[in-house]
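Only the coordinates and a few stated rules stand behind these numbers; no lab work does. Note that this is a predicted model, so its numbers are computed, not measured. Cβ: placed from backbone, ideal geometry, glycine included. Neighbour counts: every protein chain shown.
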Amino acid sequence: MDVILLERVEKLGAIGDVVSVKDGFARNYLLPRKKALRANDANKKVFEANRAQIEADNAKRRADAEKDSKTVDGKTIILIRQASNTGQLYGSVSARDLVEALESDGAKATKSQIVLGKPIKALGLHEVKIALHPEVSVTVTVNVARSPEEAELQAQGVDVTADLFEREEAGFTEAYDPNLEPGEIAAEPAADADPA
């Protein structure tokens, strides 16, 4: 299906471009969200008549988004979650969690503006893109940790899950006798034997 774009759509085109997209994408996403019009003669005439107004509205929204981006760009959000010893979360961090954390931090973003390729399911620092406008996007750092102290360590660049494994391995030592044959078990020294 051919459509006329009413705003810039990533990987498709800019305002006024006539692009060919799959029917389902047009019917289910572009048309209901007022991002495009069907490319027929009547709609082309309507678009050309209103092009200046559409571009002016887009410029105003972009200016608002650039103003809002100053409060969001470069922020670090700390989320405390329960996780296993291997660093896997019990559950995941979703776009809704990020919106709530941003709002509590004084920044505003909507769930649809947060671009998460997949939910965050592990401890650590994660970069998340927020598209405030099709032409304005910013990045925030999400610090997912089990405790505020762990979040502080991660912010300093310490890998807490690797550090935990190093501590566990350092605590385990096995008695080793180099004179034994493979598979042979070392004899326990008798406690009542006379050392002389």
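One table, with the values for the structure above:
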quantity	calculated
Shape of region 2-63, Cα gyration tensor, a/c cut at 1.5	oblate
Surrounding net charge for residue 132, when Lys and Arg each add one and Asp and Glu each subtract one, Cβ distance under 12 Å	+1
Computed FRET value (nearest 0.05) for residue 94 with residue 54, which takes r as the C-beta separation and R₀ as 41 Å	0.80
Under 5 Å, built H, 5+ apart or other chain: amide partners of residue 81	145, 146
For the chain: relative contact order, % (alpha-carbon pairs under 8 angstrom, 6 or more apart)	17
Dimensionless Rg ratio for region 76-170, taking C-alpha atoms and the 2.2 N^0.38 Å reference	1.15
Residues 181, 66, 127 arranged by fewest to most Cβ contacts within 10 Å	181, 127, 66
Listed peptides 33-43, 134-144 by packing density, highest first (mean Cβ within 10 Å)	134-144, 33-43
In Hz, Karplus ³J(HN,Hα) per residue of region 85-95 (6.51, -1.76, 1.60; θ = phi - 60°; x = Gly, Pro)	5, 7, x, 7, 6, 8, x, 8, 9, 10, 4
Region 5-22-region 55-124 distance, computed between alpha-carbon centres (Å)	26
Label-point separation, residue 85 to residue 41 (7 Å along Cα→Cβ), nm	7.5
Candidate values [x] 1.33; [y] 1.05; [z] 0.97, label of the one derived for Rg/Rh (Cα atoms, Kirkwood Rh)	[x]
Sorted by Cβ density within 10 Å, fewest first, the residues 23, 17	23, 17
